[in-house]
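Comments concern the structure below.
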Amino acid sequence: MRSDGRESDNVEDRRGEGDSGGGFRLPFGNFRGMSIVAILAAAGAAYFFDIDPRLVLSLFDSGSRSEVQHSAPAKPIPANDKQAKFVSVVLGDTEDVWRELFRSSGKRYSDPKLVLFRGQTPTACGKGRAAMGPFYCPADQKIYIDLSFYDEMKTRYRAPGDFAQAYVIAHEVGHHVQNLMGTMRRVRTLQQGKSEAEANALSVKLELQADCLAGVWGHHADKARKIIEGGDIEEALGAASAIGDDTLQKRAGGTVVPESFTHGSSAERVRWFKKGLESGDVQSCDTLR
């Protein structure tokens with residue numbers, strides 16, 4: 001993937017701040033009456049990939065709230081930090097694409113912030129930890145990533161490559177787009193009063209739409225700036241496949257339980273990413289129909 005584009009001004013680098021202290025605590029008092037299955041589903045989502053369990057739980061309980069705990073001024077990324085600069089370029093490219101797509105539909109795109117951290121960091125959705133993988137917090141409209149996750153992609157998930165890394169960022173930006181479009185709120189409302197399996201199915205639809213929106217970004221970014229090189233699409237599809245719920249459950253040595261899926265199967269994730277990449281059409285990403 002070409003990485004010579006514009007760097008974003010919306011990167012917040014907290015990596016030099018050290019461990020912010022304290023373990024992650026779930027606000028059980030705010031989820032009175034919630035079943036243990038819902039709590040375990042949230043913990044599973046945190047373990048496998050992509051999302052703060054507190055955010056998952058908030059989709060079961062719209063009354064969940066937490067305060068913004070930390071905000072640091074942006075500071076320049078070190079000139080020799082190629083990985084961080086790559087992330088900044090990818091974020092900048094998503095900004096260019098989504099600003100134009102929103103503008104063309106008569107709306108204004110509000111850029112998300114991307115926070116680089118090591119180990120753990122406070123967020124408006126609770127304590128963020130590297131073990132959660134990258135995640136988006138709608139409460140502060142920030143994407144959080146510990147760049148060591150990219151090493152884990154190569155080793156644990158067997159999904160190397162720069163476009164695979166870009167796909168991860170684009171997926172999280174897809175959640176931000178969902179937040180701006182009101183889709184997250186819609187899903188949270190639909191989940192009220194549903195069984196755990198039904199609520200999980202709605203979470204899967206949300207994640208698959210974010211995959212599709214990542215594909216939409218790739219379509220328009222390549223059309224405008226020719227960012228995709230030979231092998232890039234295969235890298236992204238490999239990443240989408242590697243983090244499917246069924247693949248992760250098999251790798252963990254367990255039985256595949258579709259009712260517990262929170263992100264979708266490998267085949268589903270690949271299919272929806274390809275749909276967005278090929279069409280470039282946001283409307284084609286309506287997984288809730």
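Laboratory data are not the source of any read-out in this text; all were calculated from the coordinates shown. Predicted, not measured: the structure shown is a model, and the values here were computed from it. Neighbour counts run over all protein chains shown; Cβ positions are idealised from the backbone, glycine included.
Report the gain in length on full extension from A224 to K107: 0.36 nm times residue separation, minus Cα-Cα distance, nm rounded to one decimal.
The A224-K107 span can extend by a further 40.1 nm.
Find out how many positive minus negative residues lie around S3, taking Lys and Arg as positive, Asp and Glu as negative, among other residues whose Cβ is under 14 Å from that of S3.
Its environment carries a net charge of -3.
Of the listed peptides 218-229, 92-103, what is their order by residue-averaged count of other C-beta atoms within 10 Å, with the highest listed first?
92-103, 218-229
Mind ordering 136-148, 175-187 by average Cβ neighbours within 10 Å, highest first?
Highest-to-lowest ranking by the protection proxy: 136-148, 175-187.
Using 0.36 nm per residue of separation minus the Cα-Cα distance, give me the extension gain between S195 and S148 in nm, one decimal.
Between S195 and S148, full extension yields 13.3 nm more.
If packing is taken as the average number of other Cβ atoms within 10 Å across a peptide's residues, how do 272-278, 106-112, 158-164 rank, most packed first?
272-278, 158-164, 106-112
At R0 = 22 Å, how high is the FRET efficiency between R289 and E100 if r is their beta carbon distance? Nearest 0.05 is fine.
With R0 = 22 Å, the Cβ-Cβ based efficiency is 0.30.
So how far, in whole Å, is the C-alpha centre of the stretch 186-214 from the one of the stretch 93-136?
If you average the Cα positions of each part, the centres end up 19 Å apart.
Using a Förster radius of 30 Å, what is the FRET efficiency between R271 and E17 based on their Cβ-Cβ separation? Nearest 0.05, please.
0.15
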